[in-house]
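All of the numbers you see were taken from the coordinates with simple rules; none came from a lab. All figures in this text were calculated on a predicted structure; none of them were measured in a lab. For neighbour counting, all protein chains shown are included, and Cβ atoms are generated from backbone atoms with ideal geometry for every residue, glycine included.
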Amino acid sequence: MPLDEGLLHFPAYFDRSEQEALLSDIRSVVSVAPLFVPVMPRTGKQMSVRMTNCGNLGWLTDKERGYRYQSTHPETGRAWPPIPAPLLDLWRDVSSYGQDPEACLINYYDDKASMGLHQDRDEINLGAPVVSVSLGNTCLFRIGGINRNDRTRSIKLESGDVFVLAGASRLRFHGVDRIYPATSTLLKNGGRINLTLRRVNP
């Protein structure tokens with residue numbers, strides 16, 4: 001469902017059985033590339049999410065080297081696992097982009113976590129869309145404009161939903177204001193997983 005030019009929301013894109021299968025794929029990724037806590041480069045403050053990646057590249061941040069993509073896990077030194085096939089199929093279905101994603105960020109939010117307004121602009125290729133999947137508890141997602149002080153609006157994203165930022169909306173500021181506990185039974189310990197597919201290079 002289009003919201004504005006380049007903004008697409010697909011409620012319940014993945015049904016319950018597909019969510020469970022995707023969760024199993026993500027657990028396999030995490031068994032090889034464990035979750036870690038990213039650190040803000042300027043302040044050295046830990047983010048409230050835990051994260052990992054899959055794909056040829058993974059996004060990360062720390063105080064020493066800042067925001068970047070690299071081909072290996074920062075703690076294990078191993079290459080990231082491949083992106084699961086259902087996520088590649090999703091990208092090909094909703095992105096309208098001719099090349100596959102190179103990175104899939106996996107963010108785990110516990111029920112108290114949030115994510116401030118930010119742009120996804122660490123990619124060389126800003127012409128490719130950003131495709132994200134929600135699994136687990138519902139979140140309040142906030143979307144703004146190209147400038148940080150532009151007006152924002154909020155939308156609830158539920159388990160199985162897909163959201164796309166593309167075209168004129170690719171660089172909109174966005175964030176997660178809150179997680180609604182006990183709104184899904186998918187994750188045994190609550191919280192929310194967000195999967196974000198990105199194409200990094202031209």
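Miscellaneous remarks
- Proxy reagent accessibility, fewest Cβ within 10 Å first, across 5, 18, 102: 5, 18, 102
- Every Cα-Cα pair in the chain was counted, and those over 32 Å apart are 7% of them.
- Charge sum, other residues only, whose C-beta stays under 10 Å from residue 140's C-beta, Lys/Arg counted +1 and Asp/Glu -1: +2
- Close Lys pairs in region 2-198 (alpha-carbon distance under 18 Å; sequence gap of 8 or more, or different chains): 4.
- Rounded Å value of the spacing that divides the Cα centres of region 88-141 and region 49-75: 15 Å
- Charge tally for residue 23 (other residues, Cβ to Cβ under 11 Å; Lys, Arg +1; Asp, Glu -1): 0.
- Among 52, 183, the order by Cβ neighbours within 10 angstrom, fewest to most, reads 183, 52.
- Counting Lys and Arg as +1 and Asp and Glu as -1 over every other residue whose Cβ lies under 12 Å from the Cβ of residue 110, the net charge comes to +3.
- Entry note, the chain: the mean residue ellipticity at 222 nm calculated from DSSP H runs of n ≥ 4, each adding -39500 (n - 2.57), is -4500 deg cm²/dmol after division by the residues and rounding to the nearest 500.
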